[in-house]
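Peer 1: Before I ask anything, let me first share the structure, which is written out below as structure tokens.
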Amino acid sequence: MALHVGLQLYSVRESLQRDPGGTLKEVANTGCRYIEAANHNASADPGVGFGLSAKEMKMRLDDLGLSIVGCHVHPWSAEALKPVLDYHGELGNNRIGCAMVFFPYGDRDFVMQTADAFNQVGELCREHGMQFYYHNHYHEFQEFDGRTVYDLLLENTEQELVFLELDTYWAFRGGQDPRALIEKHRDRLVLLHQKDFPQDAPQPLILYEDIVDPKQEIDMEVFANSVHPRCFTEIGAGILPIQDIVGAAAQAPHLDYIILEQDHSQLGEIQSVKVSMEALETFSGVTLA
């Protein structure tokens, strides 16, 4: 079955701040039918960051022909999640994600504690009929004594409680082949994030080559300073083997959506989404329907 195309709303974050309703309408006009939200203030607003009740939000999405298939939430602790899960249950979204955790270099105990917390949150989501998933960036592919943080996390979380949203761009930038990661973890993969890397990027594809010391402490400041805005481009305009990635993803039994996430663009946000949506539709095994 073909992967349905969705959009991570972080891609249009500036437009949403100016005009939330109008931006959602423009997103729908690009042909997008599925969205993933990002709520970084879940302790104050349990929804999707619009300040609307679940009933009002669902009506707005239904009117535009949009369905929500996931939401990044912060904070993601079990204590903070109950109102979030209630909201999303009413909204019709059954996936709650954690988008980023930073791991002190070499601190395996912290990784183990995080894995335990993920299991607890995953159990809470399961009790609500939902899935909890983790979205990677590049820093999870740091190695502690020859093992990546990503491997340690997955080996110490329960497969039926903690699922994956693999960001293929960030996997490449962490020195990994996402096609191999898809094959290795295909039973846990429920969402796929896709963007592209430009041919004329000012940095090497792998950040651990010259940009980031693989043995340094990576925190939010280091992460933000390590990523150049011109190292992102629209789908199909760069060098990543997207068709091969889609082909590998077809073997993941629980994966239905490929989600566009454009962290930065030289185009306007909506224009960037249009360009990538048009390109995604040309790949075999992908559909906007």
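Peer 1: Could you list, in sequence order, the residues of the stretch 141-168 that are in a helix (DSSP H, G or I) and more than 22 Å from Glu36 (Cα to Cα)?
Peer 2: Result: Phe141, Val149, Tyr150, Asp151, Leu152, Leu153, Leu154, Glu155.
Peer 1: Hey, can you tell me all the residues within the stretch 234-265 that are in contact with a Pro (Cβ under 7 Å, 6 or more places away or on another chain) and not aliphatic (A, V, I, L, M)?
Peer 2: Once the filter is applied, which keeps residues that are in contact with a Pro (Cβ under 7 Å, 6 or more places away or on another chain) and not aliphatic (A, V, I, L, M), the stretch 234-265 yields Gly238, His264.
Peer 1: Out of the residues in the stretch 31-48 meeting the condition of being crowded, with 21+ Cβ neighbours inside 10 Å and part of a loop (DSSP other than H, G, I, E, B), tell me which one is nearest to the chain's Cα centre (by Cα).
Peer 2: The selected residue is Val48.
Peer 1: Do we have any residue at all in the stretch 112-120 that's touching a Ser or Thr at 6+ places or on another chain (Cβ under 7 Å), buried (at least 22 other Cβ atoms within 10 Å of the Cβ) and not in a loop (DSSP other than H, G, I, E, B)?
Peer 2: For the stretch 112-120, residues touching a Ser or Thr at 6+ places or on another chain (Cβ under 7 Å), buried (at least 22 other Cβ atoms within 10 Å of the Cβ) and not in a loop (DSSP other than H, G, I, E, B): present.
Peer 1: Any chance you could count how many residues in the stretch 171-196 are in contact with a helix residue (DSSP H, G or I) (Cβ under 8 Å, 6 or more places away or on another chain), surrounded by fewer than 18 Cβ atoms within 10 Å (Cβ to Cβ) and assigned to a loop (DSSP other than H, G, I, E, B)?
Peer 2: 3
Conditions (1) in a loop (DSSP other than H, G, I, E, B); (2) closer than 18 Å to Asp219 by Cα, marked per residue:
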{"site": "Lys55", "(1), (2)": "no, no"}
{"site": "Cys71", "(1), (2)": "no, no"}
{"site": "Glu79", "(1), (2)": "no, no"}
{"site": "Leu85", "(1), (2)": "no, no"}
{"site": "Gly89", "(1), (2)": "no, no"}
{"site": "Tyr105", "(1), (2)": "yes, yes"}
{"site": "Phe110", "(1), (2)": "no, yes"}
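Peer 1: Further, regarding this structure: Considering only residues of the stretch 275-289 that are assigned to a loop (DSSP other than H, G, I, E, B) and touching a helix residue (DSSP H, G or I) at 6+ places or on another chain (Cβ under 9 Å), which is nearest to Gly236 (Cα to Cα)?
Peer 2: Phe283
Peer 1: Continuing with this model, one more query. Mind listing just one residue for me: the one in the stretch 246-266 that is part of a loop (DSSP other than H, G, I, E, B) and within 15 Å of the chain's Cα centre (by Cα) and, of those, surrounded by the fewest Cβ atoms within 10 Å (Cβ to Cβ)?
Peer 2: The selected residue is His264.
Since every read-out is calculated from the coordinates, none of them should be taken as a lab result. Everything numeric in this text was worked out from a predicted model, so none of it was measured. Positions of Cβ are generated from backbone atoms using ideal geometry, with glycine treated the same way; all protein chains shown enter the neighbour counts.
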